[in-house]
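Beneath this line is the structure, given in structure tokens, with notes to follow.
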Amino acid sequence: MSMSNPVLVEVTRGNLVESRHRGMVVVVDGSGKTVFSLGETDAAVFPRSACKAMQALPLMETGAADAYGFGNKELALACASHSGEPEHVALAAAMLAAAGRDVSALECGEHWSFNQDTIIAQARSLKYPTQLHNNCSGKHAGFICACCHGGEETAGYVNYDHPLQREIRGVMEGLTGAALAHDNCGIDGCSIPTYAVPLKGLAHGFARMVTGNGLEPVRAKASRRLVEACMAEPFYVAGTRRACTRLMQAAPGRIFAKTGAEGVFCAAIPEQGIAIALKCEDGATRAAEAMVAATLARFFRDEPELHASLMAQANHSMRNWNGIHVGDVRVTEAFGL
């Protein structure tokens, strides 16, 4: 990554630009053709949590999800970075219980909610959070269910050499077209391997998931099912007032969106057969959220209300603690909006 990535988001205070965020964006169709791009889209990025729907494919493909009777909420939570709200925690626990396991099987670590209202409620009612409160507990519950159903040992399921992580590596290689191994592997916040892949490959992977292009029928069906579950239950993918949830609620059943740490975002518009992957170069979430809303808006120009709703998420005002308007987050002319 370098200075050749354009400034895509500006943050103002008064009449001046106070901060600038550079980034890269790519939109790809099912055949891998680039529909829109900004910046260095061949740069390798760690997708972090943005690729959770890919990591959930073994849960579907092994038949575990059906065996345990999982519906849209459970599948959405398996793809989620949730806010640790009571509904999220209860559902993750229920998923584990379906496989005869409990919180002790999780290997994601524990942390308080990232959502301010939720953490205040947690601090009042809990001595400490458990691993069920981890934003990745739904994904990990899905991992454990896949292992239990397939007769794999669950201990160490987060490790690089565990059969489940080997399977996920193969899934992600097939979708993104990138070779995954130790040299492009890091450890994610929830302790599983995360692999740096070219941004364009990441977008192509999601475009394949929503179009089925080049996928065997089992994977195409599983992919469609996971994406549809996320779109049907956006609260379980993120939570109250979270960007992923709000983006998917803007056009119910038509937009898929999933954030990742360090300024990464993936999204897709299944009806148009396209997917988006982007990264804010400095890792800022506020810029990545503006970038993904603006990119999605490009593809709904012929629907003025939806376009305006997405642009309102891309460009928004900032108020201080007294409610006084102090500045704005706004996307730049690079988006051609």
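The values are calculated or read from the model by the stated rules, or taken from the named source; none is laboratory data. The structure presented is a predicted model; accordingly, all values stated were derived computationally and were not measured. Every residue, glycine as well, gets a Cβ built from its backbone with ideal geometry; the counts of neighbours run over all protein chains shown. Only protein heavy atoms, including side chains, enter the accessible area calculation; ligands, DNA and RNA are left aside. Shrake-Rupley method; radii C 1.70, N 1.55, O 1.52, S 1.80 Å.
Give the label of the value calculated from the structure for Cα extents along the principal axes in Å, choosing from (1) 60, 50, 38; (2) 106, 40, 35; (3) 54, 46, 37.
Label (1) holds the value from this structure.
Mind putting a number on the dipole of segment 24-78 about its Cα centre? Charges go on the C-beta only, +1 for Lys and Arg and -1 for Asp and Glu, and I need it in Debye to the nearest 20.
140 debye
Given +1 on the Cβ of Lys and Arg, -1 on the Cβ of Asp and Glu, and no further charges, what dipole in debye does the chain carry about its Cα centre, rounded to the nearest 20?
For the chain, the charge dipole is close to 500 debye.
Mind putting a number on the dipole of segment 65-216 about its Cα centre? Charges go on the C-beta only, +1 for Lys and Arg and -1 for Asp and Glu, and I need it in Debye to the nearest 20.
Charge dipole, segment 65-216, about its Cα centre: 280 debye, nearest 20.
Using a 7 Å offset from Cα along Cα-Cβ at VAL103, what residues in segment 116-154 end up with backbone N under 14 Å from the label point?
Once the point is set 7 Å along Cα→Cβ of VAL103, 122-123, 125-135, 137-138 turn out to lie under 14 Å by backbone N, inside segment 116-154.
Taking the chain as the reference, fit the longest principal axis to its C-alpha atoms, fit the long axis of helix 285-298 to the helix C-alpha atoms, and give the angle between the two in degrees, 0 to 90, nearest 10.
Taking the Cα atoms of the chain, the angle to 285-298 is about 80 degrees.
Run the reach check for LYS73 against lysines, Cα to Cα strictly under 18 Å, same-chain hits fewer than 8 apart removed. What comes back?
Within the straight-line limit of under 18 Å, LYS73 reaches these lysines: LYS52, LYS139, LYS221, LYS258.
Using a probe of 1.4 angstrom, how much of the accessible area of the chain is carbon and sulfur, in percent?
50 percent
Measure off 7 Å from each Cα along the Cα-to-Cβ vector at ASP117 and LEU16, then give the distance between these two points in nanometres to one decimal.
3.6 nm
For the chain, what is the accessible area per residue in Å², given a 1.4 Å probe and the full set of protein chains?
On a per-residue basis, 41 Å².
In whole angstrom, how far apart do the alpha carbon centroids of segment 1-51 and segment 317-333 sit?
That distance is 21 Å.
Report the Cys residues of the chain lacking a disulfide-compatible partner, meaning no second Cys Cβ under 4.7 Å from their Cβ.
CYS51, CYS79, CYS145, CYS147, CYS148, CYS185, CYS230, CYS244, CYS266, CYS280
So how far, in whole Å, is the C-alpha centre of segment 142-168 from the one of segment 225-278?
Cα centres, segment 142-168 to segment 225-278: 26 Å.
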